[in-house]
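Have a look at the structure below before the remarks.
All of the numbers you see were taken from the coordinates with simple rules; none came from a lab. Here the structure is a predicted model, which is why all the values come from computation and not from measurement. Here the Cβ positions follow ideal geometry from the backbone for every residue, glycine too, while neighbour counts run over all protein chains shown.
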Amino acid sequence: MIRHIVLIKFKAGIEQATIERLFDALADLGEEIAGMRGFDGGLSVSPEKMEQGFRHGFCIDFDDVSARDAYLAHPTHQALGAELVAAADGGISGLIVFDLEMA
C-alpha cells in the first residue's frame with residue numbers, strides 16, 4: 001500500500017470554500033480510480049504548532065504503486081494539482097508531497 005501525503009501552505013486570503021471544493025474534488029477521484037482507498041484532509045489540529053505554515057493537508061491510500069501512478073496521471077488530478085499550486089503560497093514551494101510505502 002502507498003500512502004500519498006500532501007501538505008499545503010495556502011496563500012493568505014484563500015477562502016475555506018475554495019479549499020473544501022478542491023479537497024472534495026480530489027476525494028471524488030476515488031470513484032474513477034481503481035485502487036484508491038479513500039481521502040482524508042483538512043486543517044492541522046496539532047498542539048505542537050510545528051506546521052511551518054503548512055496548515056492544511058490530505059492523505060490518500062492506494063492499493064499499490066500502479067493505483068498511485070494512475071491517480072498522478074489522471075487528467076482531473078492534473079487540473080486540481082495545478083489549482084493547488086496556484087493557491088499555494090509560493091506556488092510549488094507551498095506544497096510538500098510525500099509517498100510512504102506501508103507494510
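Using the Cα centre as the reference, give the magnitude of the dipole from point charges on the C-beta atoms of the chain (Lys, Arg: +1; Asp, Glu: -1; all else neutral), rounded to the nearest 20 debye.
400
Can you list the equivalent-ellipsoid semi-axes of the chain, largest first and in whole Å, using the square root of 5 times each Cα gyration tensor eigenvalue?
22, 16, 12
Out of all Cα-Cα pairs in the range 46-85, roughly what percent, to the nearest whole number, are more than 10 Å apart?
Percentage above 10 Å: 77.
Once amide H atoms are placed 1.01 Å from N in the peptide plane, what residues at a sequence separation of 5 or more from HIS56, or on another chain, have their amide H within under 5 Å of its amide H?
Amide H to amide H, under 5 Å and 5 or more residues apart or across chains, HIS56 pairs with ILE8, PHE10, SER44.
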